[in-house]
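S.K.: Submitted below is the structure of interest, expressed as structure tokens.
The values are calculated or read from the model by the stated rules, or taken from the named source; none is laboratory data. Owing to the predicted nature of the structure, the values given are computational and were not obtained by experimental measurement. For neighbour counting, all protein chains shown are included, and Cβ atoms are generated from backbone atoms with ideal geometry for every residue, glycine included.
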Amino acid sequence: MKSSTKAEAPAGPPDGAPAIEAAAEAAGLARWLNAREGASTTGDRAASRLGQFAWALFHWARDPYVLVVTIYLFQPYFANDVVGDHVRGLALAGTFQAVSGIVIAILAPLLGAIADSGGRRKPWIALFVILLAGAMVPMWFALPHSSATGIFFVGTLIALANVAYEFSAVFHNALLPTIANPRRVAGLSGLGYTLGNGAGIVLLLFMLIAFALPGLVAWSFIPAHPIWGISQALHEPERLAGPLCAVWLLAFSLPLFLLTPDRPPTRLPWSQAIAAGLKSVVRTVRSLRHYRNVGAYLLARLFFNDGMTAVLTFGGIYASSTFNWGPVPMLVYGIELSIFAVLGGFVGGWLDNAFGSKRAIFISIGGTALACLLSLTMGPDRILWFIPYDVHAPHLWSLPFFNTWPEVIFLLIVNFIAVLITAGYANSRTMLARIAPPEKMTEFFGLYSLSGQSTSFLATGFVGWLVSVSQSQRIGLLGEVLFLALGLALMAFVKEQRVAAM
């Protein structure tokens, strides 16, 4: 018997098996991404998972505008340096915010009606994305100590950007129930907000490392000089906030337009779409006579929601002007508060489960009001108003930010505000879900959204007026606390019990 000269190899995959397996895995992933889950909430054909993710990714594209431009970098720069006077700057910021709020209040119901009755959403989203980007790019030309004409120009850009941002949200939100079934709507909504906060943190970090820290710290991962030849002395990091967010918006909006399906056109004339939508709004408002508890809640929420809007609008301006913070501490401030804001969503859920929605609102909104009052007692030379602090005392550490006790304590206070105000937004939405009749839930959430948009100018306008009259930021910012307190006072008349549909 002749023995084999070649040892038998164990059985194994044929040549090319890894490539075949990789292709199979890729095909499986592709099938999963393109899988559809039947009908959407509105009865349309649901989008694929990839299309749904592209919808959520639009938050990643758009939301950095709020964090980088409105709250932490550009608008504080506008109030403190473009205007050149802290008090007048905050008053003017409030005025331009109020103007944009009035435009939103007038036009939001009309656009909401078009979104409900007019078919396609994506052309409208594209229009407002272009307007938002177009308003942010010229922010580069906002120079320190501008003339009255320059201040008006920059303030108009801010107001236009606010309007475009809100109106893009109207049609983006209206697209959600048409692409996902009821089980996935809440998860996609939460994913969108998470992506939006994450994008803001990424962009703030990039600006901190690329433009603000170079030349100030000798860390190995920080460039020796700001990239792209950006000049810190000319306030170019702050001025670049708008154009950078515009490029980010245009780049990351593309997946929505390429991958997320739109509703088919209804071929309904705009006049009929607006009329049908407004009739629906009027019908819902009239129905509040039969749902007085829900109506009382929406009225209370109108006030404390406006107060929270004012806190977000003016918080960065007050912090930067009080402690004379430039781009480095403001960027770090924004990153930290954004992280704590993410934590606030979990805190809001815990408060709601532990105490119920009404008590959770009293805790989160009441805590926000108290923390805002405490923040107003801080200054470079004082702690909680009555404790003096030597501004020439040795710094706590060598970092070029937050190196005095007043700054550290102030930061701890506003961290609580970030957590509690985010929890407040979560609790207020859950409260309506607990008291509105299930059969009319969509209708009442539409009214909830409308009430939040239609009066958003009240608190910001009142704060701006109060600052102008008193010539004091601290006195003016008491206005936001007043709105929070009024909302809580009205919440005392709201019962946490669901009513049956009539």
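S.K.: Which of the residues that make up segment 136-172 are within 27 Å of residue 53 (Cα to Cα) and either acidic (Asp, Glu) or outside any helix (DSSP H, G or I) (or both)?
M.R.: Across segment 136-172, the qualifying residue is only 166.
S.K.: Being within 18 Å of residue 326 (Cα to Cα), of a type in the set (A, V, I, L, M, F, W, C) and in the same structural domain as residue 479 (by TED's automatic domain parsing), is that true of even one residue in segment 418-437?
M.R.: The answer is no; no qualifying residue exists.
S.K.: I want to confirm something. Restricting to segment 195-233 and keeping residues that are in contact (Cβ under 8 Å) with a residue 40 or more places away in the chain and not in a helix (DSSP H, G or I), which single residue is surrounded by the most Cβ atoms within 10 Å (Cβ to Cβ)?
M.R.: Going through the qualifying residues, I end up with 213.
S.K.: Just one of 350, 270, 325 is surrounded by fewer than 23 Cβ atoms within 10 Å (Cβ to Cβ) and at pLDDT 90 or above; which is it?
M.R.: 325
S.K.: Would you mind finding the one in 365, 317 that is under 24 Å from residue 455 (Cα atoms) and touching a Phe, Trp or Tyr at 6+ places or on another chain (Cβ under 7 Å)?
M.R.: Checking each option against the conditions leaves just 365.
S.K.: Here is a further query. I'd like the full set of residues that are under 24 Å from residue 458 (Cβ atoms) and surrounded by fewer than 23 Cβ atoms within 10 Å (Cβ to Cβ), limited to segment 71-95.
M.R.: 86, 87, 88, 95
S.K.: Taking segment 67-81 only, how many residues are small (Gly, Ala, Ser) and either under 18 Å from residue 203 (Cβ atoms) or not assigned by TED's automatic domain parsing to the domain that holds residue 91 (or both)?
M.R.: Final tally of qualifying residues: 0.
S.K.: Going by what's in this entry, would residue 192 be described as under 28 Å from residue 154 (Cα atoms), at pLDDT below 90 and surrounded by 17 or more Cβ atoms within 10 Å (Cβ to Cβ)?
M.R.: No: the conditions fail for residue 192.
S.K.: Let me ask you something else. Quick check on segment 438-447. Is at least one of its residues modelled with pLDDT under 85, crowded, with 18+ Cβ neighbours inside 10 Å and assigned to a loop (DSSP other than H, G, I, E, B)?
M.R.: no
S.K.: While we're here: Just one of 351, 396, 373, 302 is farther than 23 Å from residue 194 by Cα, touching a Ser or Thr at 6+ places or on another chain (Cβ under 7 Å), of a type outside the set (D, E, K, R) and outside any loop (DSSP other than H, G, I, E, B); which is it?
M.R.: 302
S.K.: Would you say residue 341 is modelled with pLDDT under 90 and within 21 Å of residue 407 (Cβ to Cβ)?
M.R.: The answer is yes for residue 341.
S.K.: Next question, about the same structure. Looking at (1) within 20 Å of the chain's Cα centre (by Cα); (2) over 26 Å from residue 121 (Cβ atoms), which is the only condition residue 234 fails?
M.R.: (1) is the only condition that residue 234 fails.
S.K.: Still on this structure, please answer the following. Restricting attention to segment 120-135, which residues are in a helix (DSSP H, G or I) and either of a type outside the set (Gly, Ala, Ser) or within 18 Å of residue 178 (Cβ to Cβ) (or both)?
M.R.: Residues satisfying the conditions are 122, 123, 124, 125, 126, 127, 128, 129, 130, 131, 132.
S.K.: Please enumerate the residues belonging to segment 139-158 that are crowded, with 20+ Cβ neighbours inside 10 Å and small (Gly, Ala, Ser).
M.R.: Answer for segment 139-158, where residues must be crowded, with 20+ Cβ neighbours inside 10 Å and small (Gly, Ala, Ser): 142, 155.
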